[in-house]
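*Asks:* Dropping a structure here in structure tokens format, bear with me for questions.
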Amino acid sequence: MTRIEVTVDGAKVSDEVEPRMLLVQYLREKLGKTGTVIGCDTSNCGACTVHLDGRSVKSCNVLAVQADGHEVTTIEGLAQDGELHPMQAAFHECHALQCGFCTPGMVMQSIDLLNDNPKPDEQQIRQGLEGNLCRCTGYHNIVRAVQTASGQEVNK
Amino acid sequence: MTATQDAPSEQLEIGRDRRRKEDQRLITGRTRWTDNITLPGMLHLAMVRSPFAHAKITSIDTEEAKKAPNVVTVVTGKDLGEEQGSLPNAWPITPDQVAPAHPPVAIDRATFAGEIVAVVVARSAAEARDAAELVDVDYEELPAALDLKEAANDTTLAHPDLGTNKSAKWVFDSGDAGTGGNVDEAIQKARDGDGIVIEREFRQQRLIPAFMEPRSTVVDPTGEQITMWSATQIPHILRFLLAAVLGVSESKVRVIAPDVGGGFGGKLQTTPEEFITMVMARRLGKPIKFTETRSESMMAAHHGRDQWQKLTLSAEKDGTVTGFKVELTADLGSHVSLIGGGVPVLGAFMFNAIYKFPAYHFSVQTVLTNKAWTDAYRGAGRPEATFGIERMMTELAAELGVDPLEIREKNWIKHEEFPFTTVAGLEYDSGNYEAATAKAKENFGYDELRAEQQQRRESNDPVQLGIGVSTFTEMCGLAPSRVLGSLDYGAGGWEHATVRMLATGKVEVITGASAHGQGHETAFSQIVADRLGVPFEDVEVLHGDTMVAPKGLDTYGSRSLVVGGEALVRAADKVIEKAKPIAAHLLEASPDDIEFKAGRFGVRGTDQGLAMAEVALATFAAHNLPDGVEPSLDSDATYDPVNFNYPHGTHLCAMEVDTETGAVKMRKYTCVDDIGNVINPLIVAGQVHGGLVQGIAQALWEEAVYDDNGTLVSASFVDYLVPTAADTISFDIDHTTTPALTNTLGTKGVGEAGTIASTPAVVNAVVDAIRKFGVNDVRMPCTPERVWKAIHHSGGGEPTTEAAKPHFDPASGDEGTADRTDGASE
Ligand code: FES
Ligand code: FES
């Protein structure tokens, strides 16, 4: 067991974890942050995407001990005082989700995408979301949501 | 009492782009996935799965596993014996169907790679998985039936004790049914005279539904009632079958499908994992959870499609079709699953699509193999049928050298001919293929793209352009019960709804159609808001819990809105009827003088009236009701439609094919769907986008591939190519409106339309691009390798401007077809 101290969604937590525990397991099982989900065992689906010190990572690909001393933001830490994050609002507005299983990861990845490139074109958005699978939406509306959140004109 | 409340706004909810109610929890991570559920003292399961496609289990040593930390027990199929029951097969399509017994845990023989042979129960999921590695199983490998065509000949037996792999043969013949003529005669006539006969053999490869939320089940046996949470599409059917198979009283089982992360037919199943979790929870008296890994999901959740189609189409020289003969061989996998045996039969009614075929014959031979079992996958039987006919109509056009839309127009049912009884015996109530096609052509820029194609052909451009056409229809809204019964399906197709006016004026709506991403809470709120004249926000839709919604037949086959939505309308109308005498009494008017409009009961010819909310409160208080009137504004309705309904559409696709590398790239996709009246255009567009990508994926990328040993080599998202945002494009979608005549709302289903229509549109486009090399087919998925081979096998690698040669002569019919290199997967 290893002791770690992590700031998760703004709150400092301290825990004993097994060295093999994944960050996604730590979030879900130890902290009850079940907004972050697991869709695969090959780091391909992106459902588990969170921010580690502000950058998106697949939390099934990071050990909990690697988060020691760092800051983690999950989908549950985005909305402030009941106000949706603009990316969440854009997903809602553009109907960029259906079952919603990929959504937390998609939203986290999309935010990071705009951090790097505040005005991406459609191809850049598609490339930027390549690591996140969605089976429901056909991506069309997800692309529109990212365009909307970036303040760009959206063609239907 | 007189009116005190303003009548709600007259703006109708139906037809509005309402943002979804369900988004809030999904977007903020406050979701209720099954795997999120943790109960005090909960145990966890891990499955030990066979690595062999077919093997005798000679012994299982569980001792080491039992000694592992925090392991509670390890059981084998033998240990469970009768207690585990046999998984249900609800659709024996013929009385003599051959179906092996299906214990959830294999007892002495494993029949596909991935089948469960032992179960570990431990205090944590990780400990259960670790211990599962310690279970020592001795197998004696048996020859496996893997190739579908060989299996159909009983070359190797999937279940030696059955003596055959042939499960059932189901036949429809229009001559016998009296709906048309004799196909063999029509084909012979075309061969003898100067007609045309097109013969093709198409492969519907095996697909994996690949819902994003892996399947998960939690069972809590404590208390009076056993509660199961499951990531399922069918909580009601599951409850019934758990009770029936395991001998528990139905009233003692509660099934909850909380938020469910996609299904696409893949969660329309009663799974071994659900039965095992239930049996173990009852045995141990403790809550238990099982959540599968992605690779388990790909190996052992059911697969879809997997057919060979032998098709023969006869026509006159002017392109008028005279007969169509369909011979299918369908792979069921190792067992006959819940409705898997009947999936190809659903296709029987759709091979004639939108056309007036004078003679039609359909037969399917279902076959057992040593692979994962197959069952419904988005469209279930109808995508396979639509692919077959839309490819054939395109080949007929190519043969005659005419535009593929022209050949369709020549044969389709004209707008003024509806209602129309098809050669397959269905009555289409409404449709307008002309309107959808005209709009699609225009939106797509059909003529311009055809001109560009011609120019690229003539200039021998290394990148050729192909245009694919698919004018589809489907039967959706799975019901009517009587029809399902006539096809030997084990259940009905009705749906149930409850509408309750609450004292606060809010409305509680309960539906048996439980959603997994379709937005029922929003669309159903819109329907009820209009019907009762209450604000959209005041309607609360409850579903997915058999204790809350005790009756229902769940969500599949695009039936929620057309069957479940209509049940809601009827329940709401009953509430209005119940409220009328109460309102009359309160207004001191005769019930005959009361009219209900926009949420208000008014007295005809006066400005006197009461809002629905006021009547609801007065009913709740019950201080002053007419004599003998029940103090309740609750109503139920169970609706069983008289007919399926028939959405249709015209899909057009432009594909660029690099003739030097075989790489294909989508340039444009336009579709115009006609699903009758639309409740929520935003939701409908989303369903179309998602459906399109699933259908395009079948055409271009996805395939479940087994190797020569029967191991699934595409058992992860590394090898099974679910498309990403970067693989796809934005779509141009639109609709025409021809209301359904068989339900009040005038709606038709849309969930499967995109998938059904897009696969043939894409393949038609790929073939169209390279037809000039003498190519008349490319097998799916159209990988660069297959496309390249198709070009170079028949064209000797030299581009030619010659038109594709006729291919209807069987001797040359296979010329342009790419060879499969992975023969073992057949
Ligand atoms: S669960 Fe992390 S990428 Fe799939
Ligand atoms: S919304 Fe269902 S997987 Fe993306």
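None of the figures in this text is laboratory data; all of them are computed from the coordinates on show. Treat the numbers as computed from the prediction; the structure is a model and nothing was measured. FYI the Cβ positions are ideal-geometry reconstructions off the backbone, even for glycines, and counts take in every protein chain you see.
*Asks:* Compute the distribution of all C-alpha to C-alpha distances in chain A, in bins of 5 Å from 0, and list the percent of pairs in each, rounded to whole numbers.
*Replies:* 2, 10, 19, 22, 19, 13, 8, 4, 2, 0, 0
*Asks:* Multiply the residue separation of residue B:665 and residue B:540 by 0.36 nm, subtract the distance between their alpha-carbon atoms, and state the gained length in nm to one decimal.
*Replies:* Length difference between fully extended and current span is 40.5 nm.
*Asks:* Still on this structure, I have one more. Could you work out the percent of alpha carbon pairs in the range B:122-241 separated by over 23 Å, rounded to a whole number?
*Replies:* 71 percent
*Asks:* Which residue, chosen from B:344, B:379, B:662, occupies the Cα position most advanced towards the positive end of the dipole of chain B, where the dipole is computed from +1 (Lys, Arg) and -1 (Asp, Glu) charges on Cβ about the Cα centre?
*Replies:* Working it through, the farthest residue towards the positive pole turns out to be B:379.
*Asks:* While we're here: Excluding same-chain residues fewer than 8 positions from residue A:119, which aspartates and glutamates have a Cα within less than 18 Å of its Cα?
*Replies:* Cross-link targets: A:130, A:153.
*Asks:* Apply the Karplus curve 6.51 cos²θ - 1.76 cosθ + 1.60, θ = phi - 60°, to the phi angles in the range A:24-37 and return the couplings in whole Hz, x for Gly and Pro.
*Replies:* For the range A:24-37, the Karplus curve yields 5, 5, 4, 5, 6, 7, 8, 9, x, 8, 7, x, 8, 10 Hz.
*Asks:* Estimate the FRET efficiency between residue B:638 and residue B:283 by the formula 1/(1 + (r/R0)^6), using the beta-carbon distance for r and 45 Å for R0, to the nearest 0.05.
*Replies:* 0.80
*Asks:* Can you list the aspartates and glutamates whose alpha carbon sits under 19 Å from that of residue B:252, skipping same-chain ones fewer than 8 residues off?
*Replies:* Once the sequence-local aspartates and glutamates are set aside, what remains near residue B:252 is B:83, B:220, B:224, B:274, B:545.
*Asks:* Could you give each residue of the range A:106-121 its phi-based ³J(HN,Hα) in whole Hz, using Karplus coefficients 6.51, -1.76, 1.60 with θ = phi - 60°, and x for Gly or Pro?
*Replies:* Using θ = phi - 60°, the values come out as 4, 5, 4, 5, 5, 5, 5, 4, 6, 4, 7, 9, x, 10, x, 8 Hz.
*Asks:* Based on the Cα coordinates of the range B:687-775, what is the per residue volume of their convex hull in Å³?
*Replies:* Output value, Cα hull per residue: 186 Å³.
*Asks:* When the scattering of the range B:569-726 is computed by the Debye formula from its Cα atoms alone, each counted once and equally, what is log10 I(q)/I(0) at q = 0.10, 0.18 Å⁻¹?
*Replies:* -0.67, -1.12
*Asks:* With each run of n ≥ 4 DSSP H residues scored as -39500 (n - 2.57), what mean residue ellipticity at 222 nm is computed for chain B after dividing by its residue count and rounding to the nearest 500 deg cm²/dmol?
*Replies:* Helix-only estimate at 222 nm: -8500 deg cm²/dmol.
*Asks:* Further question: Of all the C-alpha pairs in the range B:448-522, what % are more than 18 Å from each other?
*Replies:* Percent of Cα pairs beyond 18 Å in the range B:448-522: 70.
*Asks:* Hey, can you rank B:283-290, B:453-460 by average C-beta count inside 10 Å, highest first?
*Replies:* Top of the packing list down: B:283-290, B:453-460.
*Asks:* Kindly flag which residue pairs out of B:506/B:551; B:21/B:574; B:78/B:371; B:410/B:441; B:289/B:748 have an alpha-carbon separation exceeding 28 Å in this structure.
*Replies:* B:289/B:748
*Asks:* Something else now. I'd like the FRET efficiency for residue B:451 and residue B:709, computed as 1/(1 + (r/R0)^6) with the beta carbon distance as r and R0 of 60 Å, rounded to 0.05.
*Replies:* Result of the calculation: an efficiency of 0.70.
*Asks:* Which FRET efficiency, nearest 0.05, do residue B:744 and residue B:58 yield, Cβ-Cβ r, R0 56 Å?
*Replies:* It comes to 0.35.
*Asks:* Next question. Per residue of the range B:620-632, in order, report the coupling 6.51 cos²θ - 1.76 cosθ + 1.60 (Karplus, θ = phi - 60°) as ³J(HN,Hα) in whole Hz, putting x for Gly and Pro.
*Replies:* Taking θ as phi minus 60°, the curve returns 5, 5, 6, 6, 9, 10, x, 4, x, 8, 5, x, 7 Hz for the range B:620-632.
*Asks:* If one computes the Cα centroid of the range B:718-747 and of the range B:280-301, what distance in Å separates the two points?
*Replies:* The range B:718-747 and the range B:280-301 have Cα centres spaced 33 Å from each other.
*Asks:* To continue, here is another question. 7 Å from Cα along Cα→Cβ at both residue B:133 and residue B:149: what's the point-to-point distance in nm?
*Replies:* 4.3 nm
*Asks:* Relative to the compact globular guide of 2.2 N^0.38 Å, what is the alpha carbon radius of gyration of the protein assembly as shown, as a ratio?
*Replies:* Here the Cα radius of gyration is 0.95 times the empirical estimate.
*Asks:* What is the spin-label model distance, in nm, from residue B:107 to residue B:491 if the labels are put 7 Å beyond Cα along the C-beta direction?
*Replies:* 2.7 nm
*Asks:* Related question: Once amide H atoms are placed 1.01 Å from N in the peptide plane, what residues at a sequence separation of 5 or more from residue B:48, or on another chain, have their amide H within under 5 Å of its amide H?
*Replies:* Amide H to amide H, under 5 Å and 5 or more residues apart or across chains, residue B:48 pairs with B:117, B:118, B:119, B:120.
*Asks:* List every residue whose amide H lies under 5 Å from the amide H of residue B:322, counting only residues 5 or more places away in sequence or on a different chain, with H placed 1.01 Å from N in the peptide plane.
*Replies:* B:314, B:315, B:316
*Asks:* Using Cα centres only, tell me the gap between the range A:94-130 and the range B:65-82 in whole Å.
*Replies:* Centre-to-centre distance over Cα atoms comes out at 45 Å.
*Asks:* Would you mind checking which residues have amide H under 5 Å from residue B:13's amide H? H placed 1.01 Å from N; only 5 or more apart, or other chain.
*Replies:* Here B:530 satisfy the definition.
*Asks:* Limiting things to C-alpha atoms, what are the Rg and the maximum Cα-Cα separation (Dmax) for the range B:529-653, in angstroms?
*Replies:* Spelled out, the Cα radius of gyration and Dmax of the range B:529-653 are 18.2, 65 Å.
*Asks:* Next up: Quote the Stokes-Einstein diffusion coefficient, in whole µm² s⁻¹, for chain B, based on the Kirkwood radius over alpha carbon pairs, a temperature of 4 °C and a viscosity of 1.567 mPa s.
*Replies:* Once the numbers are plugged in, D ends up at 46 µm²/s.
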